[in-house]
Amino acid sequence: MATLITGIGELTTNDDERGRMRDAAVVVDGDVIAWVGEASAAPAADERVDVDGRAVLPGWVDSHTHLVFAGDRTAEFEARMAGEAYAAGGIGVTVGATRAATDDELTANLDRLADELLRGGTTAFETKTGYGLTVADELRSARIAATRADSVTFLGAHLVPQDWAERGGPDAYVDLVTGEMLAAVAPHVEAIDVFCERGAFDEAQSRRVLEAGRAAGLALRVHGNQLGPGPGVRLAVELGAASVDHVAFIDDEEVRMLAETWHGGTGTVATVLPACDLSTRMPLAPARRLVDAGAVIAIATNCNPGTSYTTSMAFCVATAVLQMGLTVEEAVRAATLGGAVALGLDGDESAAAPVRAAGSGERGVPDPAASRAGRARLPLGRIRPGARADLQVLDAPSITHLAYRPGVPLTSAVWRAGARVV
Ligand SMILES: N=CN[C@@H](CCC(=O)O)C(=O)O
Ligand SMILES: [Zn+2]
């Protein structure tokens, strides 16, 4: 059934050919965008929805979340607001609660947060394992994640579990992550990630994890330069990662390296996580410097109970404009198309492929076994014919109101894969 969405005062397409349009209309047919143009030239459709001059933009694509977890870290947050610094060890609190939770409890929590994302206009999201840290718990986390996420990332290298201190320590745990754990989880995920940071995994351990993931045909992601300067950005660029995330402590040379990855058509996305920077009282990632240098950025929530317990992409976009110096257009593009590019789901050759042969500039061919069931992937992040029909309506005349009226829930209607869900 085809639906004509008309009366669009301002349409943000992210499509280089169409840009931002006034007095526009969109036809949704099945799960795809079938037509985009001037409302006055719109074709007939089975159903008609008039948004009465409101702004329409693509659904948010949240490319960095940790939604398979149990428990709460309010006490840690209160201590942080009283001056205590964030430390990776807090992850262990959530690991304990997650291991103790049933599948139903983890699924219910994921559903609660996925529904919250949707109500806020997020029509596609990635989520990670990483609070199980045993083969069985990482495998069940990946399976539960796959029930709702558009992309799943294996983060067995999130923290060295306490019980490994006397079982050979970090290197022995990395043997498990890159061996039995990866073999079990790889068929259920699209990417592998590592927390390359003091208190988590060092450069050599991170390299081992990423190289094992690449050999399994997975896309690479890195939690890098979050708590201080470190090897994460350089490692991500060297190994052809799809994204390096956090990048709060990054120097001019690392900014240049990230921008340079895009000179050959593919590249490593720099994902900024504003809500996490604020919640951990860390410096905000230099999004303005990254964009000015020609890097491709994404904005994501990093929703997790430890450092960023929010599902609001609108809050992250407003913060990116008000505090990180981005224009509204840049922030909206980073929170939609940027996320899609980071996930290799924007449908364009220019995107970071799920797997990129390191250093060669060539695209690796994703190992079909590495992505779940080889599901057909409609392009995300743009409103143009052939894209998945993911769009949101703002109760506002323009996207500027996302920053002009920060904290106000402006998303008033959402279509996901052609179905109206809000
Ligand atoms: N830094 C690593 N992982 C999460 C934090 C996880 C936690 O503290 O529970 C992050 O991206 O911020
Ligand atoms: Zn994270």
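The values are calculated or read from the model by the stated rules, or taken from the named source; none is laboratory data. Just so you know, these numbers come straight off a predicted model, no measurement behind them. For neighbour counting, all protein chains shown are included, and Cβ atoms are generated from backbone atoms with ideal geometry for every residue, glycine included.
Observations, loosely collected:
For every residue, the table says whether it meets (1) in the same structural domain as residue 114 (by TED's automatic domain parsing); (2) without any contact (Cβ under 8 Å) to a residue 40 or more places away in the chain; (3) closer than 19 Å to residue 221 by Cα; (4) hydrophobic (A, V, I, L, M, F, W, C).
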site	(1), (2), (3), (4)
155	yes, no, yes, yes
159	yes, no, yes, yes
171	yes, yes, no, no
177	yes, yes, yes, yes
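- Residues of segment 273-298 classified as under 17 Å from residue 256 (Cα atoms), within 20 Å of the chain's Cα centre (by Cα) and either among the aromatic types (Phe, Trp, Tyr) or in a helix (DSSP H, G or I) (or both), total: 4
- Residue within segment 102-113 that is surrounded by fewer than 19 Cβ atoms within 10 Å (Cβ to Cβ), part of a loop (DSSP other than H, G, I, E, B) and modelled with pLDDT of 95 or more present: yes
- Criterion violated by residue 236 - all others in (1) closer than 16 Å to residue 88 by Cα; (2) part of a helix (DSSP H, G or I) satisfied: (1)
- If the condition is being within 13 Å of residue 332 (Cβ to Cβ) and over 21 Å from the mean Cα position of the chain (by Cα), then segment 380-403 contributes 394, 396, 398, 400, 401.
- Every pair of residues 6+ apart whose Cβ atoms lie under 6 Å, when the first sits in segment 378-407 and is over 18 Å from residue 298 (Cβ atoms) while the second is of a type in the set (Phe, Trp, Tyr): 389/415; 391/415
- Strands (runs of 3 or more DSSP E) fully within segment 1-100 counting 3 or more residues that are surrounded by 19 or more Cβ atoms within 10 Å (Cβ to Cβ) and on the phi < 0 side of the Ramachandran plot: 2-12, 20-29, 55-58, 60-62
- Matching option when the condition is more than 14 Å from residue 124 (Cα to Cα), of a type outside the set (Ser, Thr, Tyr) and modelled with pLDDT under 95, among 403, 413, 357, 396: 357
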